[in-house]
Amino acid sequence: MTRFPYGASAAVMAGLAVASGAYLAARRAHKPRYDLRLWTFAKTHGDAYLKMLPEFLRKHSGKSVDIQVVAGEAVTSRLQAAFWSNLDVPDLAEVEISWAGSFFRGRLESIGFRDLTERIHQTGLWERIVQARFAPYTTRGRIFGIPHDVHPVMLAYRRDLVEKLGIDVERLRTWDEFVEVGRRVTVPGKRFMMELPPEGLSALEVMLFQRGGGYFDAQGNCTLDNEIAIETMRYYAPLVAGKHRIGNDLGGGQIFTRALEDGYYLFMVAPDWRTKSIEQDVPKVAGRMALMPLPAFYPGGRRTSTWGGTMIGITKRCADPDLAWELIMHLYLNKEALAEQFRGTNILPPARDLWDHPAYDEPRPFWSNQPLGRLYANLAPETPPQYTSPYIGLAKAKLSEALIACVRYYDRYGVRGFDGFVRQQMARAAAEVRRQMRRNPYLHENA
Amino acid sequence: MKTPDTLADRAAARPDTRRRRPPRRDRLAPYLFVAPFLILFLVFGAYPLIKSVILAFYITSGPRDQVFVGLENFRFLLTDPDFWKAVRNTVVYTVWSLALQIPLGLGLAILLNSRWVKGREFFRLAFFSPNLVGQVFVGVLFSVLFVPQYGLVNRFLHATVGAPLDTRWLSEPSLIMPALILTSLWMYAGMHMVYFLAGLQTVERELYEAAQLDGANSWGQFWHVTLPGIRHVLIFVVIVSTIGSFQLFELPWVMLGRSPGPDAAGLTIVMYLYINGYVSGDLGYASAVGWTLALGLLAVSLLQLRLSEALRG
């Protein structure tokens, strides 16, 4: 190797470097290009969209769309990284409701999604969709996402066991009536009236939203220490603590399956999406399950709440936002396709005018032949808003801390001094959220 | 041919290296060879380090929105109850991990170093193997084992000591840390065992024979021969374990469902950093946390070195 000055090894290494670099460069050039690229975190969404895509492409000949399922939480971190680096940003992305707020932390012009406020009002979408569902995707008065769903909440229950225990669900109209029956039928360690986590927030949140409360108000102010939040905590903690508790929680996945099969829980909170999970995960209870509206907090009060959600947004990197908007309209508002999607996912679409399709009236054998779609659709207009903030994660953590403190207190001391303790814990939780929020110099611009 | 016999002759015979510079390509060669590493290090090592020092003085939202705040991030950090909770959890985990893992690892090593144990190779592999699969796998595995009512841990404890079946290891705040410590014990004791085994094999047999002649029993041999003989390994394991424990993240993140768990009982310093940097988007604050952790680790490691030197003295 006299021609190469530093020997054969260096020549081979240099050759390999050039060859691999050339290969990568050539491969990049052959990467297929699409007019639109959509990221979703849910495989069920991705599968449904793939079925709906051919019709869209027929209407828009010459256009191409790539739908990518990016697993779970990764879609959020990848999207955040893509926005920050301005590289590999998709044209559209679906984001889970609890993560949406994290994209709205900075200045309005720095948010990676396009502001859709004008389009939503101009196209009449504001009137068609349950308006409360825009709340989680709104910051400083501007809307950055279209809701994929409504996710009203009902109670799912083991109809066979409930009937055997002589419980008349028609008479469970308020939570007080529900709790009274629950104290009668609960056998600690063996059977609980309801799946209620003593440390987790899922059921507490549902009750908080049902009462019209939440973590934040429409202006983004923390509301963890308002009267609704305090009263909800005061009501919830005794349901999972002390001698007269009626709820417990063992966990999700296979454990939930076993617990439901064994009759460990009689009732559980069930947004529309969870009914499909129950169908898939606990097939043994098919035909023995049924649904009922949530009991109200006072006679005539709201009989539903909300749990979970997804938005779709158009990113600022999207070269053809009009085409992206048309794709959203096709995927989120196509009556026939969404009815078919409902049969596969049990998820009610967000626009009211879609709910008159016969698919929503079909009886479901798993749910004791109840018309699942109609039950949810009847409650959907009442679905409460859940306002968000970039600090939603922190607020949840603080509410969780307050819940655990209150549950421990109630376990130890019962009602003695409990009201004051709850008030003190909620005030502390809210103060810590506000302390963090005060550090953010962007949050109150254009408010 | 005349050979040089005086100093002057020898000096005259020595080649003149000052005048003859090597060719340009030979002078450049070393730089070219280190260039790939140097470029990668500068881009992916030095630049992020320097940038993170600068960022620690800003409140940020992603890399574009930045506001200079001086030492505010550090001031906020030191007054944030969540940070102190993370510090407390991390220190508790570290202390308990060291207190359990190191004696167990050493005990296993002594046992498997004995000539009387059959199938030593198999046991060495068996004890070390949990370390091969990584924290995420172990986290998933143990989150199933710790499940209430149906999990193996609760079933075993119920059958042996009558413990309640619905013990919520991963949702009752007071049980989260014991669950993490037990999991890491299963994972890391075998790795420490390998280090100690290597150390034990350097201790000379003659020293034990001499100790036996002097009348030392097993404990005496361990205390006066084994322990001093593997002191360097012990110091290494303590420092590496301390640093590893302070960097704890994946295990609780996976076991607690990508969260710090109820009451933030599984919140560690690195998890606190991750949440602030990548969930809340404040890279500036996360940088301040990272540098505080680095300085803390440096202080702890120096303290451990000093202590070990003092013990040696």
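Quick rundown of the values:
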{"item": "Subset of the range A:200-225 [over 14 Å from residue A:398 (Cβ atoms) and either without any contact (Cβ under 8 Å) to a residue 24 or more places away in the chain or within 14 Å of chain B (Cβ to nearest Cβ) (or both)]", "result": "A:200, A:202, A:203, A:213, A:221"}
{"item": "Selection from the range B:58-76 of residues that are more than 7 Å from chain A (Cβ to nearest Cβ) and either part of a strand (DSSP E or B) or under 7 Å from residue B:284 (Cβ atoms) (or both)", "result": "B:58, B:60, B:66, B:68, B:73"}
{"item": "Filter result (over 15 Å from residue A:37 (Cβ atoms) and open to solvent by 10 Å² or more (accessible area, probe 1.4 Å)) within the range A:89-103", "result": "A:96, A:97, A:98, A:99, A:102, A:103"}
{"item": "One residue from A:441, A:358, A:363 being within 11 Å of chain B (Cβ to nearest Cβ) and free of Cβ contacts under 8 Å to residues at least 40 places away in the same chain", "result": "A:441"}
{"item": "Lone qualifier among B:14, B:64, B:19 - being open to solvent by 50 Å² or more (accessible area, probe 1.4 Å), at pLDDT below 90 and closer than 30 Å to residue A:434 by Cα", "result": "B:64"}
{"item": "Filter result (modelled with pLDDT of 90 or more, part of a helix (DSSP H, G or I) and crowded, with 17+ Cβ neighbours inside 10 Å) within the range A:104-131", "result": "A:119, A:120, A:125"}
{"item": "Condition broken by residue B:172, with the remaining ones in (1) within 28 Å of residue A:401 (Cβ to Cβ); (2) touching a Pro at 6+ places or on another chain (Cβ under 9 Å); (3) open to solvent by 40 Å² or more (accessible area, probe 1.4 Å); (4) free of Cβ contacts under 8 Å to residues at least 60 places away in the same chain satisfied", "result": "(4)"}
{"item": "Matching residues, the range A:280-289, being open to solvent by less than 40 Å² (accessible area, probe 1.4 Å) and either modelled with pLDDT under 95 or within 23 Å of the chain's Cα centre (by Cα) (or both)", "result": "A:282"}
{"item": "Selection from the range B:145-154 of residues that are buried (at least 21 other Cβ atoms within 10 Å of the Cβ) and assigned to a loop (DSSP other than H, G, I, E, B)", "result": "B:146, B:147, B:148, B:149, B:151"}
{"item": "Residue within the range B:264-273 that is farther than 15 Å from residue B:84 by Cα, open to solvent by 20 Å² or more (accessible area, probe 1.4 Å) and part of a helix (DSSP H, G or I) present", "result": "no"}
{"item": "Candidate set from the range B:100-143 (those that are at pLDDT 90 or above and β-branched (Val, Ile, Thr)); member that is least open to solvent (accessible area, probe 1.4 Å)", "result": "B:138"}
{"item": "Subset tally (residues that are within 14 Å of chain B (Cβ to nearest Cβ) and in contact (Cβ under 8 Å) with a residue 24 or more places away in the chain) for the range A:176-195", "result": "6"}
{"item": "Whichever residue in the range B:279-310 is more than 20 Å from the chain's Cα centre (by Cα) and aliphatic (A, V, I, L, M) and, among such residues, is farthest from the other protein chains (Cβ to nearest Cβ)", "result": "B:310"}
{"item": "Of residues in the range A:356-415 being over 20 Å from the mean Cα position of the chain (by Cα) and among the basic types (Lys, Arg), the one surrounded by the most Cβ atoms within 10 Å (Cβ to Cβ)", "result": "A:364"}
{"item": "Enumeration of residues in the range A:290-300 that are modelled with pLDDT of 95 or more, open to solvent by 10 Å² or more (accessible area, probe 1.4 Å) and assigned to a loop (DSSP other than H, G, I, E, B)", "result": "A:297"}
{"item": "Residue that is more than 14 Å from every other protein chain (Cβ to nearest Cβ), surrounded by 15 or more Cβ atoms within 10 Å (Cβ to Cβ) and more than 30 Å from the chain's Cα centre (by Cα), where the choices are B:157, B:182", "result": "B:157"}
{"item": "Odd one out for residue A:72 among (1) within 13 Å of chain B (Cβ to nearest Cβ); (2) in a helix (DSSP H, G or I); (3) touching a strand residue (DSSP E or B) at 6+ places or on another chain (Cβ under 9 Å)", "result": "(2)"}
{"item": "Check on residue B:246, over 21 Å from the mean Cα position of the chain (by Cα), in contact (Cβ under 8 Å) with a residue 60 or more places away in the chain, away from every other protein chain (no Cβ under 14 Å) and open to solvent by 20 Å² or more (accessible area, probe 1.4 Å)", "result": "no"}
{"item": "Number of positions in the range A:238-279 that are more than 14 Å from every other protein chain (Cβ to nearest Cβ), surrounded by fewer than 23 Cβ atoms within 10 Å (Cβ to Cβ) and small (Gly, Ala, Ser)", "result": "2"}
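Here's the yes/no breakdown for (1) of a type in the set (D, E, K, R); (2) within 25 Å of residue A:343 (Cβ to Cβ); (3) in contact with a helix residue (DSSP H, G or I) (Cβ under 6 Å, 6 or more places away or on another chain); (4) within 14 Å of chain B (Cβ to nearest Cβ):
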| position | (1), (2), (3), (4) |
| --- | --- |
| A:86 | no, no, no, yes |
| A:103 | no, no, no, yes |
| A:120 | no, no, yes, no |
| A:131 | no, no, no, no |
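The values are calculated or read from the model by the stated rules, or taken from the named source; none is laboratory data. The model shown is predicted, which means the values in this text are computed figures rather than measured ones. Quick reminder, even Gly has a Cβ in these numbers, built from the backbone with ideal geometry, and neighbours come from all protein chains shown. Note: areas computed on protein heavy atoms with side chains; ligands, DNA, RNA excluded. Shrake-Rupley method; radii C 1.70, N 1.55, O 1.52, S 1.80 Å.
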